[in-house]
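Please read the structure below before turning to the comments.
The values are calculated or read from the model by the stated rules, or taken from the named source; none is laboratory data. Every value quoted in this text rests on a predicted model; they were computed, and no experiment measured them. Counting neighbours? That spans all protein chains shown, and the Cβs are built from the backbone with ideal geometry, glycine included.
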Amino acid sequence: MVARNDISAEERLIARFFGPIATHPGALGLSDDAAFMTPPAGHDLVLKTDAIVGGVHFFPTDAAQAVASKALRVNLSDLAAKGARPLGFLLSLAIPREIDEAWLAGFAEGLRADSVLFGCPLFGGDTDRTPGPVTISIAMFGSVPAGTMVRRAGAKVGDSVFVTGTIGDAALGVMLREGKNGKWNLSEPHRQHLMSRYLLPQPRNALAETIRTHASAAMDVSDGLVGDFGKLCRASGVAAHIEVARVPMSEAARAVVAGDAATLETALTGGDDYEVVCTVPETKAESFRDAAKAAGVPVADIGKITAGEGVRFTDAAGKALAFKRPAFSHF
């Protein structure tokens, strides 16, 4: 028997907080240096990693459970856009000394709840101390039938452009958290809606299979619709026309824009939406709408793919809109 004093604090932390999340046999109970997985027969693995950093992607006062959920969900959103089913994830967690066991317990519970909800167990990872802010890096893996992953490249002239959910809530929620809402006159439900959309993304994994079987190209909207859709069009070698009046926005976001027109640009370029923008051939558009409705995921047709280069965003009068900063950037 190993004496308790021979077990490191890190081992105890991992066993207590993260062992219960490592439910796949290939995780080996987090007792080894690595884990293993056998991909489903006839499937490709889809790999994705994203990190979130305290003070950049979440506020220091955010609940630990919500921070964990956000860390997992921003990666799940990318899998949804690829048409992939989640299989599991690796976690690297860097924590400052002021983080206590109560925070870790809440973080682990948020991670556990979402790993069950989305069917993606923990396979392993690493924990470290850091003199900087909390940093959570997740490497997510999923699967698709061989050769069917939906890429950014693939959009064709004539395709319809669809986006899931609503756009702009999270970016406006950040402004609320930062107190940059002097001109707004919002009800409390509207305030709570905007802030919750920033705190807890809603990845569209329920639509992943539909995206895989219908979309010619897709990506998740993390850095703003304008900038991210521009990346898709550049990868596909096409142009597009987007009618801003058709971009889906929540009642709360529309209330903000109605009282402060300058916030429309924030809504379209600010990021943290974690929705999916995709292009669908016209012959599949009706089927896509029907399948999305059956999956319980709202979608909106916002424009068309055209020949050429660049994305043209126009207002209700047909006037082209220009943006100071098309997308959120960390650099």
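Could you check, for the range 36-55, whether at least one of its residues is closer than 14 Å to residue 111 by Cα and out of contact with any helix residue (DSSP H, G or I) (no Cβ under 7 Å at 6 or more places or on another chain)? For the range 36-55, residues closer than 14 Å to residue 111 by Cα and out of contact with any helix residue (DSSP H, G or I) (no Cβ under 7 Å at 6 or more places or on another chain): absent. The single condition among (1) modelled with pLDDT of 90 or more; (2) under 15 Å from the mean Cα position of the chain (by Cα) that residue 58 does not satisfy is (1).
Does the range 247-266 contain at least one residue that is within 17 Å of residue 301 (Cα to Cα) and in contact with a strand residue (DSSP E or B) (Cβ under 6 Å, 6 or more places away or on another chain)? For the range 247-266, residues within 17 Å of residue 301 (Cα to Cα) and in contact with a strand residue (DSSP E or B) (Cβ under 6 Å, 6 or more places away or on another chain): present. Do we have any residue at all in the range 165-175 that's assigned by TED's automatic domain parsing to the domain that holds residue 230, within 16 Å of the chain's Cα centre (by Cα) and of a type in the set (Ser, Thr, Tyr)? The answer is yes, given that some residue of the range 165-175 is assigned by TED's automatic domain parsing to the domain that holds residue 230, within 16 Å of the chain's Cα centre (by Cα) and of a type in the set (Ser, Thr, Tyr). Kindly evaluate residue 171 against the criterion of being of a type in the set (Gly, Ala, Ser) and within 24 Å of residue 67 (Cα to Cα). Here the answer is yes, as residue 171 does meet what is asked. Criterion first (touching a residue at least 12 places away in the same chain (Cβ under 8 Å) and either among the aliphatic types (A, V, I, L, M) or more than 20 Å from residue 151 (Cβ to Cβ) (or both)) does residue 271 satisfy it? In short, yes. Going through (1) in a loop (DSSP other than H, G, I, E, B); (2) under 15 Å from residue 168 (Cα atoms); (3) of a type in the set (Val, Ile, Thr) one by one, residue 297 falls short only on (2). Pick out the one residue from 300, 240, 292 that is crowded, with 21+ Cβ neighbours inside 10 Å, in contact (Cβ under 8 Å) with a residue 40 or more places away in the chain and within 25 Å of residue 70 (Cα to Cα). Result of the check over 300, 240, 292: 292. Looking across the range 97-146, just one residue is free of Cβ contacts under 8 Å to residues at least 24 places away in the same chain and of a type in the set (Val, Ile, Thr), and that is 116. Remark: pairs (first residue in the range 73-96, outside the structural domain of residue 123 (by TED's automatic domain parsing) and of a type outside the set (Asp, Glu); second residue surrounded by fewer than 22 Cβ atoms within 10 Å (Cβ to Cβ) and in a strand (DSSP E or B); Cβ separation under 7 Å; 6+ apart in sequence or on different chains) are absent.
This table checks each residue for (1) among the basic types (Lys, Arg); (2) closer than 28 Å to residue 49 by Cα; (3) touching a helix residue (DSSP H, G or I) at 6+ places or on another chain (Cβ under 9 Å).
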site	(1), (2), (3)
234	yes, yes, no
264	no, no, yes
293	yes, no, no
296	no, yes, yes
306	no, no, no
315	no, no, yes
324	yes, no, yes
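Of all the numbered requirements in (1) over 18 Å from residue 142 (Cβ atoms); (2) among the charged types (D, E, K, R); (3) at pLDDT 85 or above, residue 10 misses one, and that requirement is (3). State which residue is nearest to residue 191 (Cα to Cα) when the search covers only the range 250-263 and only residues that are surrounded by 21 or more Cβ atoms within 10 Å (Cβ to Cβ) and either within 21 Å of the chain's Cα centre (by Cα) or not assigned by TED's automatic domain parsing to the domain that holds residue 166 (or both). The selected residue is 252.
Just so you know, in the range 117-168 the residues that are hydroxyl-bearing (Ser, Thr, Tyr) and in contact with a strand residue (DSSP E or B) (Cβ under 7 Å, 6 or more places away or on another chain) include one that is modelled with the lowest pLDDT, and it is 127.
Hey, among the residues in the range 98-116 that are within 21 Å of residue 55 (Cα to Cα) and among the aliphatic types (A, V, I, L, M), which one's modelled with the lowest pLDDT?
My answer is 99.
Residue by residue through the range 303-328, note down the ones that are without any contact (Cβ under 8 Å) to a residue 60 or more places away in the chain and within 23 Å of residue 155 (Cα to Cα). Within the range 303-328, just 320 meets the criteria.
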